[in-house]
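Asker: First, the structure itself, so that you have it in front of you.
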Number of protein chains: 2
Amino acid sequence: MSGTASSRSRSLVCRALDVLAAFGPDRPELTLSEISRRSGLPLTTTHRLVRELTAWGALERDPAGSYHIGLHLWEVASLAPRGLRLREAALPYMEDLYEVTHENVQLAVREGLEVVYVERILGRGAVPVLTRVGGRFVMHATGVGLVLLAYAPPDVQEQLLAGPLESWTPETIVTARQLRSVLAEVRRCGYAVSDRQVTMDALSVAAPVRGAGNEVVAALSLVVHADGAQPRLLAPAVLTAARGISRALGSPAARRRESPRSPAR
Amino acid sequence: MSGTASSRSRSLVCRALDVLAAFGPDRPELTLSEISRRSGLPLTTTHRLVRELTAWGALERDPAGSYHIGLHLWEVASLAPRGLRLREAALPYMEDLYEVTHENVQLAVREGLEVVYVERILGRGAVPVLTRVGGRFVMHATGVGLVLLAYAPPDVQEQLLAGPLESWTPETIVTARQLRSVLAEVRRCGYAVSDRQVTMDALSVAAPVRGAGNEVVAALSLVVHADGAQPRLLAPAVLTAARGISRALGSPAARRRESPRSPAR
């Protein structure tokens with residue numbers, strides 16, 4: 001580290017953020033020494049940063065002495081337009097879809113080359129899903145991921161197509177050629193189907209959610225038992241709910257009359 | 001500011017947090033100069049901090065040049081046990097309560113002398129509510145607030161009772177004496193009623209949610225039209241859902257058989 005004020009300050013803010021990033025879905029509670037180890041910071045630095053973050057409410061200390069992410073950070077973070085604000089607009093339409101189907105309903109956005117789930121409603125007797133709110137997943141295997149990728153900028157698509165495509169089941173798309181063809185089909189039909197590409201018992205149907213500039217800002221999906229599922233019968237409900245959310249977000253396209261095309265045509 | 005490394009570093013981390021705290025429900029998007037003004041930091045410092053926070057994903061810049069809270073901060077904050085993790089445990093029971101009543105269902109926690117709403121399901125034809133997820137409200141007027149206050153440590157109660165009690169409607173409790181009596185009643189009955197104490201058209205019935213140590217960690221409420229509402233008929237459903245959440249959180253009391261006492265007894 002250089003001794004200039006500028007580099008030192010950058011470094012300290014980054015270190016404070018490293019402390020926060022030490023927490024993860026696998027480890028939502030950490031001791032001081034665990035934070036130090038996971039963030040790669042000396043224990044004295046960790047101690048000072050943790051004290052400041054705790055004083056502000058970014059961290060909270062439980063009676064046993066472990067730390068977890070604090071409510072105050074969650075309050076501030078709830079202002080993220082792609083987090084809670086998106087889900088506030090989407091939730092009524094997600095509830096409609098849930099009431100009609102009683103299946104899993106999920107809402108996700110793209111962050112880099114992955115999807116981040118911002119909301120979900122789990123059906124009680126519905127097929128188990130691997131996701132959690134605030135959690136990430138691969139794009140090429142999921143219905144929401146295929147939608148978000150199909151409408152992503154070309155450089156994002158090429159970057160993902162250039163890398164290895166991890167296999168989750170024998171049905172997962174693992175070649176760039178196959179993925180290109182599926183993405184073209186998604187754009188043609190206006191929705192995506194992931195048929196046993198994440199787990200062998202689940203099928204998802206996903207549709208794009210558009211924002212005020214008509215860009216695709218999120219994807220909505222219905223995840224059902226794969227056995228006997230008929231994507232073409234599920235698609236209209238998903239598309240309808242996705243259009244409702246798009247209209248709530250001010251999308252001009254969702255105000256136009258538009259009918260989905262059948263993939264068989 | 002002193003020139004020691006320790007005070008400078010504390011100050012820089014605090015300043016970065018001040019930048020985040022400049023955003024609020026009233027202003028979820030800010031320009032650089034607005035952040036500077038609202039945080040009280042010089043423009044050059046603001047610029048540097050915003051650049052670092054943006055690089056990490058705590059802030060995002062929109063095409064017009066304004067900043068908003070970033071998805072990466074929201075992802076990290078979603079690990080807050082009292083935020084998304086609480087709502088994940090609670091949501092199935094909240095959905096049950098919603099399906100049975102089709103009224104507004106809210107979940108809140110105490111932060112200092114206020115309540116913070118961590119989840120809500122809004123009924124379509126239900127009475128309008130003033131809250132939002134991630135938003136704060138006063139304790140003494142709301143059903144969830146009365147529950148959280150009734151079970152709060154004595155010093156918290158005394159601190160709130162010592163201050164002025166803001167009036168929202170002619171029905172709002174505004175004297176410490178009246179509030180003490182209501183809190184005792186809440187503890188006796190096991191639930192709270194706010195009857196037109198926030199708006200003249202709404203009534204809420206709230207019940208405590210207990211954690212693994214049996215402490216009250218949250219409050220669940222049903223908010224309905226005040227006209228014709230019968231709190232004693234609504235309470236069993238709210239208490240039932242609250243017990244379900246408590247059990248999901250590992251509360252020993254929610255495993256015991258316990259029947260609510262009638263306030264009339």
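Asker: Carbon and sulfur: what percent of region B:13-102's accessible surface (1.4 Å probe)?
Answerer: Carbon and sulfur together cover 53 percent of it.
Asker: If you don't mind, there's one more thing I want to ask. Taking a label point 7 Å out from Cα toward Cβ, give me the nm distances from B:Pro92 to the same spot in the other copies, shortest first, one decimal.
Answerer: 2.8
Asker: Any chance you could check the Cα centroid distance between region B:158-202 and region A:124-155 for me, in angstrom?
Answerer: Here the answer is 45 Å between Cα centres.
Asker: Contact order normalised by length for region B:17-110, with contacts defined as Cα pairs under 8 Å and 6 or more residues apart; what percent is it?
Answerer: Here the relative contact order equals 19 percent.
Asker: Still on this structure: Let me know the mean shielding of B:137-145 by other chains, meaning the per-residue number of their Cβ atoms within 10 Å of its Cβ.
Answerer: If you average over the peptide's residues, the count of other-chain Cβ atoms is 0.
Asker: Picking from A:Ile173, A:Gly65, A:Leu107, whose Cα lies most toward the positive end of the charge dipole for the protein assembly as shown (charges on Cβ: Lys, Arg +1; Asp, Glu -1)?
Answerer: A:Gly65
Asker: Treating only the Cβ of Lys, Arg, Asp and Glu as charged (+1, +1, -1, -1), what charge dipole size does chain A show about its Cα centre? Round to the nearest 20 debye.
Answerer: Dipole of chain A, to the nearest 20 debye: 740 debye.
Asker: Over the alpha-carbon set of region B:50-120, work out the extent along each principal axis and list the three values in angstrom, largest first.
Answerer: 48, 28, 21
Asker: With helices defined as uninterrupted DSSP H runs, which ones in chain B have an alpha carbon span along their own long axis of at least 18 Å and mean Kyte-Doolittle hydropathy of at least -1.0?
Answerer: Answer set is B:5-21, B:43-56, B:86-101, B:176-189, B:231-248.
Asker: Two decimals is fine: what is log10 I(q)/I(0) at q = 0.09, 0.10 Å⁻¹ for region A:1-131, from a Debye sum with one equal scatterer on every Cα and no solvent?
Answerer: Taking Cα atoms of region A:1-131 as identical point scatterers yields -0.39, -0.48.
Asker: Put simply, what bits of region A:35-58 lose 40 Å² or more of accessible area when the other protein chains are there, versus the chain on its own (1.4 Å probe)?
Answerer: A:Arg48, A:Glu52, A:Trp56
Asker: Past the 32 angstrom mark, what percentage of all C-alpha to C-alpha distances in chain B do you count?
Answerer: 34 percent
Asker: Can you compute the charge dipole magnitude of the protein assembly as shown about its Cα centre, using +1 on each Lys and Arg Cβ and -1 on each Asp and Glu Cβ, nothing else charged? Give it in debye, rounded to the nearest 20.
Answerer: 460 debye
Asker: May I ask for the accessible area buried between chains B and A, both sides summed, probe 1.4 Å, to the nearest 100 Å²?
Answerer: 5300 Å²
Asker: Continuing with this model, one more query. By the gyration tensor of its Cα atoms, with a ≥ b ≥ c the square roots of the eigenvalues, what is the shape of the protein assembly as shown: rounded for a/c under 1.5, prolate for a/b over b/c, or oblate?
Answerer: Taking the square roots of the gyration eigenvalues as a ≥ b ≥ c, the protein assembly as shown is oblate.
Asker: Among B:Val198, B:Gly83, B:Leu32, whose Cα sits farthest toward the positive end of the charge dipole of chain B (+1 at Cβ of Lys/Arg, -1 at Cβ of Asp/Glu, about the Cα centre)?
Answerer: Result: B:Gly83, furthest along the dipole toward the positive end.
Asker: Let me ask you something else. With a cut-off of 8 Å between alpha carbons and a minimum separation of six or more residues, what is the relative contact order of region B:95-188 in percent?
Answerer: Across region B:95-188, relative contact order equals 21 percent.
Asker: Put a point 7 Å out from Cα along the line to Cβ at B:Pro42; what are the distances to that point in the other copies, in nm, shortest first?
Answerer: Copy-to-copy label distances at B:Pro42, shortest first: 2.8 nm.
Asker: Among DSSP bridges having both ends in chain A, what percentage is antiparallel? Round to the nearest 5.
Answerer: Roughly 100 percent of the beta bridges in chain A run antiparallel, per DSSP.
Asker: At a 1.4 Å probe radius, carbon and sulfur cover how many percent of the accessible area of region B:115-265?
Answerer: 53 percent
Asker: Copy-to-copy spacing for A:Ala21, label 7 Å out on the Cα-to-C-beta vector, in nm, shortest first?
Answerer: 2.4
Asker: So with the 1.4 Å probe, I'd like the accessible area per residue for the protein assembly as shown, rounded to whole Å².
Answerer: Using a 1.4 Å probe on heavy atoms only, each residue of the protein assembly as shown averages 43 Å².
Asker: What size of dipole, in debye to the nearest 20, comes out for region B:114-265 about its Cα centre when the only charges are +1 on Lys and Arg C-beta atoms and -1 on Asp and Glu C-beta atoms?
Answerer: Once rounded to the nearest 20, the dipole reads 680 debye.
Asker: Could you tell me the relative contact order of chain A? Use alpha-carbon pairs under 8 Å, at least six residues apart, and round to a whole percent.
Answerer: Computed value for chain A: 14 percent relative contact order.
The values are calculated or read from the model by the stated rules, or taken from the named source; none is laboratory data. Since we're looking at a predicted model, the values are computed, not measured. Heads up, the Cβs are rebuilt from the backbone with ideal geometry, glycines too, and the neighbour counts pull from every protein chain shown. Ligands, DNA and RNA are stripped out before the accessible areas are found, and what is left, the full protein with its side chains, is counted by its heavy atoms. Shrake-Rupley method; radii C 1.70, N 1.55, O 1.52, S 1.80 Å.
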